[in-house]
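Down below is the structure, laid out as structure tokens.
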Amino acid sequence: MFTNSPTQSITLWDKQIFVKRDDLLDTHFSGNKARKFYHFLVNDFPHIKYIVGSGSAQANSLYSLSVLAKMNGWQLDYYVSHISEQVKSQYTSSTASQTNYAKSLENGANVLAIDWQRQQFSDCEHLDDAIEVLKPQYIERYGDKVLFVPEGGRCEFAKTGLKQLAAEVLEWSKATKQNDVVVFLPSGTGTTAVYLNQQLALLNASNDIKVQVATCCTVGDESYLTAQFSQLVDDVHLHPIILNDGKKYHFGKLYLPLYQLWQEVQQSTGVEFDLLYDPIGLSVLKHHLNNPIFADKTVLYLHQGGLIGNHSMLKRYQRKLAKTNVRKVERG
Ligand SMILES: Cc1ncc(COP(=O)(O)O)c(C=O)c1O
């Protein structure tokens, strides 16, 4: 369970690309979370009764944590900076069951917005700071029955699942005689990319095949991502290569050219990618496909799932497209 995803061959921009279909690992855990939360899926935690997570009210990790909590009979308290009226309305609308937020509430999660006006949060700049303020209260109440999961699953526990993924990639490379492979994936916190690269290097210590991880930023810039890598893996030689397409993106913002690229890829390959991370990943991949980093190498794109979030992203794109078309008509 939660392992051995298939690898599929597609042709994109006249090049053969392999896609590791982690999106097919499980319907409840988007591929990325199936790997990062693998540790919690395959080990027993008899003393745990509560989990505390944080992030966005629309995040894949909220939904995956809510499923994990439900499976284990744990109570999930998930903190967010803010819950917009639009997100709240998803819970009561007819499409409710299709969003991460609504599905998580259905699973019994407590999604709690931090009340930034409260004195106890007055020195906090970020959500992480607020969690640090709340931690002692949880520990006082529940002792070692409570487990804290950092935003996006950015923690040591993620290594267990990424070691498994690294083993699968190496096994596939050996079985199919691919001797020089670049695994490409878009990063958020960078946890997946840096642990995958580290574990590939450790498992392949004899270096009988070359497998390198390359990634791009979707949150923050390259210095942010490098700092994230360093927090998890000290040795910079084990950090993935960071690529860009020459453009700056803001996480979660809509970019019509990226939407068009996403559509083009779906139409030509039949594979649905996620609409938050993958459009940037695909654009960076396209930009570099004929550069030395990818040319003459086997390219393995890691599909990290996240497709539940596509429902609300598609709605946002449709609204943006409608507005753009109205403006075009008005301009004549
Ligand atoms: C679908 C998807 N792709 C990519 C990522 C980025 O993973 P990481 O934060 O480990 O870089 C995430 C993580 O939240 C995700 O859900």
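The values are calculated or read from the model by the stated rules, or taken from the named source; none is laboratory data. Keep in mind the model is a prediction, meaning the values are calculated, not measured. Cβ: placed from backbone, ideal geometry, glycine included. Neighbour counts: every protein chain shown. Only protein heavy atoms, including side chains, enter the accessible area calculation; ligands, DNA and RNA are left aside. Shrake-Rupley method; radii C 1.70, N 1.55, O 1.52, S 1.80 Å.
Some values worked out for this structure:
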read-out	value
Cross-chain or 6+ apart pairs with Cβ under 6 Å, segment 226-248 first and more than 23 Å from K286 (Cβ to Cβ), then in a loop (DSSP other than H, G, I, E, B) and β-branched (V, I, T)	Q228/T189
Some residue of segment 162-176 being closer than 25 Å to V19 by Cβ, assigned by TED's automatic domain parsing to the domain that holds I280, modelled with pLDDT of 95 or more and not in a helix (DSSP H, G or I)	yes
Where A193 falls short, out of the listed (1) surrounded by fewer than 22 Cβ atoms within 10 Å (Cβ to Cβ); (2) out of contact with any Asp or Glu (no Cβ under 9 Å at 6 or more places or on another chain)	(1)
Odd one out for F229, checked against (1) touching a Lys or Arg at 6+ places or on another chain (Cβ under 7 Å); (2) within 12 Å of the ligand (Cβ to nearest atom); (3) not β-branched (V, I, T)	(1)
Criterion violated by Q58 - all others in (1) in contact with a His (Cβ under 9 Å, 6 or more places away or on another chain); (2) within 14 Å of the ligand (Cβ to nearest atom); (3) open to solvent by 40 Å² or more (accessible area, probe 1.4 Å) satisfied	(1)
Tabulated pairs, segment 6-25, first on the phi > 0 side of the Ramachandran plot, second of a type in the set (A, V, I, L, M) and assigned to a loop (DSSP other than H, G, I, E, B), C-beta under 6 angstrom, 6+ apart or interchain	W13/L289
Any hit, segment 291-301, residues being in the same structural domain as Y195 (by TED's automatic domain parsing), within 15 Å of the ligand (Cβ to nearest atom) and open to solvent by less than 60 Å² (accessible area, probe 1.4 Å)	yes
Which numbered condition Y224 misses (of (1) within 13 Å of the ligand (Cβ to nearest atom); (2) open to solvent by less than 60 Å² (accessible area, probe 1.4 Å))	(2)
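Every residue, every condition in (1) out of contact with any Lys or Arg (no Cβ under 9 Å at 6 or more places or on another chain); (2) on the phi < 0 side of the Ramachandran plot; (3) free of Cβ contacts under 8 Å to residues at least 24 places away in the same chain, yes or no:
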site	(1), (2), (3)
L127	yes, yes, no
K145	no, yes, no
G152	no, no, no
Q164	no, yes, no
K174	yes, yes, no
